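Notes follow the structure.
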């Protein structure tokens, strides 16, 4: 029978993590997935024979090591390999390389500006202070600042202590980081266009804001607070693509007795007498459980699969107001060989990392202007990777797979849906930009999958195609994520919970929201906690 | 295909061809982005060249900044803690500089080349901070790190070796004095300075003349047992003579991440470098406050019983940990076991006795040693020849 202790809607990495911890605690858990495959936006699919496309998320750093270790993800097949490079190719034929080795990175920056290279020491220290402030709270439920419950008060005290420890200058820095634009923030340290532009990219990825919009400095920090093997800020590839992350969590879940049901398109969370009773699928099937957890974003959860009549009016309104604007597209490209950029040897270690072509903040800001005018950027900011340089399983030997994240692309073009011509134009814009720096690129293209925010929304279910399940601005973080009063993973209906990236600590393949939500559910059920605590930074 | 990644290789100093030739054991390290020898042939023997003959160290990677202009003196007085006005022309002064919180960013030497013409020689890279501090001053600041090659020529026969090379009457140069000589159609600058605590000089030439300088110097010093030494030998010498080092004995203040880990000049035993009479300099307000309220830590030189260097040791007072060691070495000339420690105030008064908790390993066997130690009054090695003018011949 379709009776469970808990049902999780959506087999994204957070839904699977949440389900795994509930199953680990002995609950009978089912994960319902609308698509015929699992992963949500943590997915890799063979869309061109022999090539695997991580066609949504494409790199890994934020995945909490506590969870990876606790759920034995390595044993279930997950290997995260750091990549040690990256570069911004410049219009003048030069480039700014990125090196994992601090001293080497200094020397590369010094090629462009000795002063900036020197300032990078101070910048690194200041950014590290901020990541150290946030990291201990990733695996914790945000305290409710208005609550008088002892647990909230004691957690608030921890927050306050962490802040006070920063000292006066550190506190001012924190406020700056959470409110400033990434352009202004970087301008306080650096004078060289390409150095600022290279770093600023992290502040706008997935965000419907420009490099000079307040709040983007935090988005940069969000990309710095992860780690690979303790190297904070480091990024890596999941061997086999990002789908390997979801697959490994799914295996862990199944090892605890969990069940994943694909092609199960949830129509509604059923509510009776102020309590959830289960879910009904579009095909009429019903799955019953006293606990229903939504891995969907807040808009889809409250406006789509819940009946407004079952909810407080304020929640419906907050869901409607929730900021989750689509701003990015993606090209996934099968290549016959390696492209050469600005004459740089494709075997250069820099090529294994994130590659960009925006060499000034102005170009990035102009790219945002296009988004505001409801069209795709004509000179977009690209975050391009060739994972097959690190991971031999992504493409046949000698061939390569390229993942091109494109900032910006709007949900609608001039207020209407994307047409086939729009999509072709978008694709051409991106390919043309890459070709400007790589003459042999076009001839190498064997297959290209192009995804607009509309495609991402339709396929993955993320509202407007927003990759973070809601923008990462201060008004939607910590105890305000997704909205005030509902930041502790509990929904407005008894037995209903949220576990997606729309909850604290937000987007990226982190798995922390899923785990944190499981801890709250188990607490409500008076079950022993199965979720590990966070590692402490020394 | 070009290899632009090579653009980020460690640099070679202007002496590299000669240094490489002499680096018999091929033991290299990274010093400030340059590939430099850890040791040339034998660390202990290299060390003794500093203390008993002439030792030569390539200090070209040291960061060198030229500060010129009408406001140069005022600028340096605002930047550094000591009174720069007291440094005469052709004189050199040691100083530290602080951030606004009164925490030490780095230490270094200021060479006064002319009326409004200075060169700052710093251990850490400093161009960003120097330019930051230059706002509002009529000064130009130039990074000369790559424009000057330098050798430290240190040890009892160093004066003789250099005189033999043609630096006539060098023995009359006073400590912290400097002088210019003609050298191969260019200028050679020599200062009576160093990081070894011995009689010694630093010789500065253009990179083009570096190899010639090396060749002539080693030829001239041949009979005075001149030898090159690497950074390991230098480390022993500087500990023996009480010199602290950025990144080892203190965290450069603006690179500090964990609150409270930086140190003030008072906490590093450098109060003599702080001139609170100056109306304004970076960190003054904080340092005045510290002077009134007391410091958190005290720098102590410890003479440790036994012969096991107290590297990374805890310093204990009974059961309580009151400090940690930042640098330690067995000092071969002083025949003493010396450690620099940061002790919690009010500990660390001269003559105080503590215990150093030393861990050392012999053939994979770890031993914990509780070695009594005592705070001493200044460096254990401080020979008369270091200051004597005219300098001794050998």
_the range A:254-397: C-alpha gyration tensor shape, a/c 1.5 cut-off, then a/b vs b/c_ = oblate
_Relative contact order (percent, whole number), chain B, Cα cutoff 8 Å, 6+ residue spacing_ = 18 percent
*Among DSSP beta bridges whose residues both lie in chain B, state the antiparallel percentage, nearest 5.*
95 percent
*In whole percent, what relative contact order does the range A:48-164 give with Cα contacts below 8 Å and a gap of six or more residues?*
9 percent
*With a 10 Å Cβ neighbour count serving as the proxy for reagent exposure, in which order, fewest first, do B:21, B:267 appear?*
B:21, B:267
*Regarding the range B:1-86, what are the three Cα extents along the principal axes, ordered largest first, in Å?*
51, 48, 18
*Once Rh for the range A:471-519 is found with the Kirkwood sum over Cα pairs, what is the Stokes-Einstein diffusion coefficient at 25 °C and 0.890 mPa s, in µm²/s?*
232 µm²/s
*Once the Cβ-Cβ distance between residue A:313 and residue B:261 is put in as r, and R0 is 51 Å, what FRET efficiency do you end up with, to the nearest 0.05?*
0.50
_10 Å Cβ neighbours from other chains, averaged over peptide A:114-122_ = 6
_Can you tell me, using C-alpha contacts under 8 Å and at least 6 residues apart, the relative contact order of chain A as a whole percent?_
25 percent
*Among B:304, A:182, which comes first, then next, by fewest other beta-carbon atoms within 10 Å?*
B:304, A:182
*What's the angle, to the nearest 10 degrees (0 to 90), between helix A:13-24's Cα axis and the longest principal axis of chain A?*
40 degrees
_Taking beta carbons within 10 Å but only from partner chains, what does the mean come to for residues A:340-353?_
2
*Between helix A:361-372 and chain A: long-axis angle, C-alpha atoms, 0 to 90°, nearest 10*: 50 degrees
_Square roots of 5 times each gyration tensor eigenvalue, C-alpha, the range A:456-538, largest first, Å_ = 22, 16, 13
*Per DSSP H run of at least 4 residues, take -39500 (n - 2.57); add these up for chain A, divide by its residues and hand me the 222 nm value, nearest 500 deg cm²/dmol.*
-10500 deg cm²/dmol
*Jot down the radius of gyration and Dmax of the range B:63-143, Cα atoms only, both in angstrom.*
11.2, 32
_Within 10 Å of each Cβ in A:124-130, the average number of Cβ atoms from other chains_ = 3
*Determine Rg/Rh for the protein assembly as shown; Rg is computed over alpha-carbon atoms and Rh is the Kirkwood hydrodynamic estimate from the same atoms.*
1.03
*If you project the alpha carbons of the range A:318-431 onto their three principal axes, what span does each projection cover, largest first, in Å?*
47, 32, 29
*To the nearest 500 deg cm²/dmol, what mean residue ellipticity at 222 nm is calculated for chain B from DSSP H runs of n ≥ 4 alone, each contributing -39,500 (n - 2.57), summed and divided by the residues?*
-5000 deg cm²/dmol
*Tail beyond 26 Å, pair distance distribution of the range B:108-259 (Cα, percent)*: 34 percent
*Expressed in nm², what is the orientationally averaged projection area of the convex hull enclosing the Cα positions of chain B?*
22.2 nm²
*Order by protection proxy (mean Cβ within 10 Å, highest first), peptides B:306-313, B:239-246, A:56-63*: A:56-63, B:239-246, B:306-313
*Taking only Cα atoms, what is the 0 to 90° angle, nearest 10, from helix A:167-179's long axis to the longest principal axis of chain A?*
90 degrees
*Quickly work out the residue A:191-to-residue B:86 label distance, labels modelled 7 Å from Cα along the C-beta direction, and quote it in nm with one decimal.*
3.4 nm
*With the calculation restricted to Cα positions, what are the radius of gyration and Dmax of the range B:216-263 in angstrom?*
17.4, 53
*For chain A, what is the Kirkwood hydrodynamic radius in Å, using each pair of distinct C-alpha atoms?*
23.4 Å
*Nearest-5 percent of antiparallel DSSP beta bridges in chain A?*
70 percent
*In terms of the Cα gyration tensor, with a ≥ b ≥ c the square roots of its eigenvalues, is the range B:296-377 rounded because a/c is under 1.5, prolate because a/b exceeds b/c, or oblate?*
oblate
*Packing-based exposure ordering (other Cβ within 10 Å, fewest first) of A:462, B:120*: B:120, A:462
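Quick note: the coordinates plus some simple rules give every number you see, no bench work behind them. All values reported here derive from a predicted model rather than from experimental measurement. When we count neighbours, we look across all protein chains shown, and the Cβ atoms used for this are built from the backbone with ideal geometry, even at glycine.
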